[in-house]
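For reference, the structure is listed below as C-alpha cells.
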Amino acid sequence: MTTKTIPSTEAQNNFGRILDDAIQNGTRYVIKRRNTPQAILLSLSDLERLLTANEIERKEIRNVIRELSPVYNLGETVKQ
C-alpha cells in the first residue's frame, strides 16, 4: 500500500481523482490542514482489511499513525 500526504486544499480540488486512486490502487491519503495531519482517506476494502488484520499489520498501522500525528496520541484528548 502506498500512503501519500497532501494538503487539504489539494484534496478538495482533486477529490474525484484522489477517490479513484484510493479505490483502484489502494492508495491511502493523509490529509493535512495547516501542515498538521487531520484525516486519512482510504477505500472501504482497505478499511475492511485493516479491521481484520493480524497483530503485526495492526502494529505497523499504529506506527504510521504515530509518525504522522506528532500533535497527539491516538485516543488522547486534544486540548484546545
### Query
Could you give every pair whose Cβ atoms fall below 9 Å, whose first residue belongs to segment 1-16 and is at pLDDT 95 or above and surrounded by 11 or more Cβ atoms within 10 Å (Cβ to Cβ), and whose second residue is hydrophobic (A, V, I, L, M, F, W, C) and not in a strand (DSSP E or B), counting only separations of at least 6 or pairs across chains?
E10/I18; A11/I18
### Message
Checking the structure you have, find out if any residue of segment 30-50 is in a helix (DSSP H, G or I), of a type in the set (A, V, I, L, M, F, W, C) and either touching a Phe, Trp or Tyr at 6+ places or on another chain (Cβ under 6 Å) or modelled with pLDDT under 85 (or both).
### Response
yes
### Message
Which of the numbered conditions does V78 fail, given that it passes all the others? Conditions: (1) surrounded by 11 or more Cβ atoms within 10 Å (Cβ to Cβ); (2) modelled with pLDDT under 80; (3) among the β-branched types (V, I, T).
### Response
(1)
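Looking only at segment 1-16, count how many residues are farther than 18 Å from I61 by Cβ and not in a loop (DSSP other than H, G, I, E, B). Break it down stepwise before answering.
Quick first cut of segment 1-16, residues farther than 18 Å from I61 by Cβ only: 6-16.
Next cut, not in a loop (DSSP other than H, G, I, E, B) only: 6-13, 15-16.
Count: 10.
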### Query
Which of the residues spanning segment 17-29 are out of contact with any helix residue (DSSP H, G or I) (no Cβ under 8 Å at 6 or more places or on another chain) and either part of a strand (DSSP E or B) or basic (K, R) (or both)?
R17
### Task
Could you tell me which numbered condition G26 fails, if it satisfies all but one of (1) at negative phi; (2) surrounded by 12 or more Cβ atoms within 10 Å (Cβ to Cβ)?
(1)
### Message
Taking the conditions exactly as written (over 16 Å from I65 (Cα atoms) and among the hydrophobic types (A, V, I, L, M, F, W, C)), does I23 satisfy them or not?
### Response
yes
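The values are calculated or read from the model by the stated rules, or taken from the named source; none is laboratory data. Note that the coordinates shown come from a computational prediction; the quantities given were computed from them, not determined experimentally. A quick note on method: Cβ atoms are made from the backbone with ideal geometry, for glycine too, and the neighbour counts reach across all protein chains shown.
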